[in-house]
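Report on the structure given below.
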Amino acid sequence: MKNYLVLLSFLSLTLAGMSCGENKDDITPTPAPNLYERLGGINAITAVVDQFLANVVADNAINARFAATVADPFRTQLLRNNLIDQICAGSGGPCQYKGKTMLEAHQGMQITEAEFNALVADLIAALDQFNVPTQEKNDLLAILGPMKTDIVDQ
Amino acid sequence: MRKLPFFLVLTSLLCFAGWLRVATPYSPSQDLPLISITAFEIHAPNVVAGQALAQAARSWTGVTAATYNANSGLLVLSHTLDQSASSLKSRIDILNPHPASIKVFPEPAGAKCPVPASALAVLPGILLGCSAVSLLIAIMLFISNAKRWIMAPLQP
């Protein structure tokens, strides 16, 4: 008798659950994936950043700016992790950018517009290397674009 | 002697405050393997050969990125620290008709940070260790002194 009651209550709960599932008002819409998820998460961002840094070091237009960083593995690591954190945080990922502000980091460097454009071209080449879709590429560049005023001619 | 635990607690607090200031919050990038970037002058016979070499290098163990820039003639590899530049050079030399050389960039002009980046990297650990050790010694001294104070009236 006890088992029968347990079975009956289980069935009634299951039916109640099914009927609730049919109620369209209760269906919460799945949130659209943010840019971090659309880019592929931390591993995909890391792959793009590594490719970007390789492109920059191979680029004679700007590689002199990174000579000291490349010569020191600790500085290379710091720059790489800061770039990953910046893209990850800016795209809505679970990271926190811990580096200097763009203005602080580029103060006194007198970076020209041509150098900035060369850097952006190297980033786009890295994104293209991994076939990042146009929408995601534009969304990422839109996040990084406003930093230009803090980087150029400081 | 009685002031020593007080100074140790003060040292511990100062070290802890320093650690709070320099310690960085956790980020998934901290879990990534460390990398180094090495540039090679490869003197590739043509652009296609240089790009083919970069393509081949991408599949090598420990290489996280590779690129060939035809304007600079540089093949740049981003690689994990277990892959030395010389071992990568020997792998390049197998595939390239001309021997590659490791590019050494000229020292940039201007002021340099007097503290090496490697020292800055270990600073949070040193400060946290200083805080913990100071506090531990202070507690041990305090317990030792307290025992003496408690036992003193009982002694004849």
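What the table shows:
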{"quantity": "Accessible-area value, A:Glu136, 1.4 Å probe, nucleic acids and ligands omitted, Å²", "calculated": "20 Å²"}
{"quantity": "Charge dipole magnitude, Cβ of K and R +1, D and E -1 - the protein assembly as shown, Cα centre, debye nearest 20", "calculated": "1560 debye"}
{"quantity": "Linear extension gain, B:Tyr26 paired with B:Val122, 0.36 nm per residue minus alpha-carbon span", "calculated": "33.0 nm"}
{"quantity": "Relative intensity, log₁₀ I(q)/I(0), of chain B from a Debye sum that treats every alpha carbon as a point, q = 0.11, 0.13, 0.18, 0.19 Å⁻¹", "calculated": "-0.68, -0.79, -1.06, -1.11"}
{"quantity": "For B:35-41, mean number of other protein chain Cβ atoms within 10 Å", "calculated": "5"}
{"quantity": "Top positive-direction residue, dipole computed over the protein assembly as shown with Cβ charges, set B:Ser101, A:Met102, B:Gly129", "calculated": "B:Gly129"}
{"quantity": "Computed over segment B:33-102: relative contact order in percent, which uses C-alpha pairs under 8 Å that are six or more apart", "calculated": "43 percent"}
{"quantity": "Apportionment of accessible area to carbon and sulfur, segment A:107-154, percent (1.4 Å)", "calculated": "55 percent"}
{"quantity": "Long-range Cα-Cα pairs in segment B:33-102 (distance over 13 Å), rounded percent", "calculated": "57 percent"}
{"quantity": "Radius of gyration and maximum dimension Dmax of the protein assembly as shown, Cα, Å", "calculated": "28.5, 97"}
{"quantity": "Relative contact order %, segment B:48-155, counting alpha carbon pairs below 8 Å whose residues are six or more apart", "calculated": "13 percent"}
{"quantity": "CD proxy at 222 nm, helix term only [per DSSP H run n ≥ 4: -39500 (n - 2.57); per residue of the protein assembly as shown; nearest 500]", "calculated": "-19000 deg cm²/dmol"}
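The values are calculated or read from the model by the stated rules, or taken from the named source; none is laboratory data. Not measured: the values here are computed from a predicted model. Note: ideal-geometry Cβ built from the backbone for every residue, glycine included; neighbour counts use all protein chains shown. Areas reflect the complete protein model, heavy atoms only, side chains present, ligands, DNA and RNA absent. Shrake-Rupley method; radii C 1.70, N 1.55, O 1.52, S 1.80 Å.
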